[in-house]
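Only one structure is covered here, and it is reproduced in the block below.
Any read-out appearing in this document is the output of simple, stated calculations on the displayed coordinates, not a laboratory observation. Everything numeric here is computed off the predicted structure, so don't read it as measured data. No Cβ is skipped: glycine too gets one built from the backbone with ideal geometry, and neighbour counts run over all protein chains shown.
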C-alpha cells in the first residue's frame with residue numbers, strides 16, 4: 001500500500017487478507033462458512049477510544065473502488081445482490097468496539113452494502129439491503145430524546161398507517177438519510193469514483209462526479225475511517241425485528257480501493 005492508506009491498520013479474520021496494489025489495496029474475503037466470522041478490513045482507529053477517533057468535519061473522502069471481477073468462478077455480472085455479507089467504506093464510530101465495554105449509539109457517513117438476508121430499512125421507502133449511500137446519527141441530542149419511546153415506536157410501526165406517520169419523524173431525529181445506488185451503465189465490477197463531502201452542516205455523496213445523496217443532518221464526529229468486506233448479516237427494522245449472524249459465502253470475493261484521499265476542507 002502507498003499514499004494515505006499506508007497509515008491504516010489491517011484487521012483480518014477467518015482467512016481474510018489484504019493484497020497491496022499499485023494504487024491502493026485489495027480486501028479479499030475467501031469462501032467462508034457461517035460457522036466462522038471472516039473479514040478483511042483497513043481502518044485508522046485501531047486501539048483508540050471513540051473520543052480520540054481522528055476525523056471531524058469539514059473534510060472530503062475521495063477514492064476509486066470496484067468489487068469482485070467477472071470470471072468463470074464468479075456470478076456475472078456483479079450486482080447489488082451478488083455479494084454475500086456486508087462491505088463498504090467511509091466513516092463510523094465502531095459502536096460495538098473501540099476499547100469500550102459498552103456499545104454506543106451508531107454514527108456513520110459512508111457507502112454501505114448488505115446482502116440478503118440483511119434487512120435494515122431505516123429510511124422510509126429505501127430497501128433494507130443493497131448498495132447505498134447512507135448516513136446515521138443515533139448519538140445526537142434529538143435522537144436520544146426518542147430513546148425512552150423506542151418500545152412504543154416499534155409497536156406503532158407494526159401498523160402500516162402509523163408507521164408512515166411516525167417513522168419519518170424518528171428518521172429525521174436519528175439523522176437517517178439513504179439512497180440505493182443503481183448504475184445505468186456497467187455494474188459493481190467497474191471502477192467508479194466515490195466521494196463524501198462531510199460538512200458541519202450536513203454531507204454530500206457523489207459517484208463519478210454526480211451527486212447521489214445530500215443531507216443537512218450528519219454526525220459531528222469524531223469518527224474513524226474504515227473499508228471492509230465480511231460475511232455478516234443484520235436485521236434491524238422499525239417494527240422491532242433484531243437479528244445478527246454470519247453467512248456462507250460460496251466463492252472468494254473482494255473489494256479493491258485505490259487513490260484514497262482524506263482531505264481537510266478547512
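Data overview
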| quantity | calculated |
| --- | --- |
| Whole-Å distance, taken between Cα centres, linking the stretch 184-251 and the stretch 17-35 | 19 Å |
| Residue of 151, 168, 238 that the Gaussian network model of the chain assigns the largest fluctuation, springs spanning Cα pairs under 10 Å | 151 |
| Residue order, fewest to most beta carbons within 10 Å, for 109, 260 | 260, 109 |
| Helix-derived mean residue ellipticity, 222 nm - over the chain, DSSP H n ≥ 4, -39500 (n - 2.57), to 500 | -3000 deg cm²/dmol |
| Cα gyration tensor shape for the stretch 21-70, rounded if a/c is under 1.5, else prolate or oblate | oblate |
| Residues 229, 235, sorted so that the one with the fewest Cβ neighbours within 10 Å comes first | 235, 229 |
| Ascending count of other beta-carbon atoms within 10 Å, so fewest first, for 163, 37 | 37, 163 |
| Global geometry of the stretch 118-266, whether rounded, prolate or oblate, following the gyration tensor of its Cα atoms and the 1.5 cut on a/c | oblate |
| For a label point 7 Å along the Cα-to-beta-carbon line of residue 46, residues of the stretch 229-261 with backbone N under 14 Å | none |
| Listed candidates [x] 50, 42, 41; [y] 46, 40, 34; [z] 56, 36, 34 - label of the one calculated as Cα extents along the principal axes in Å | [x] |
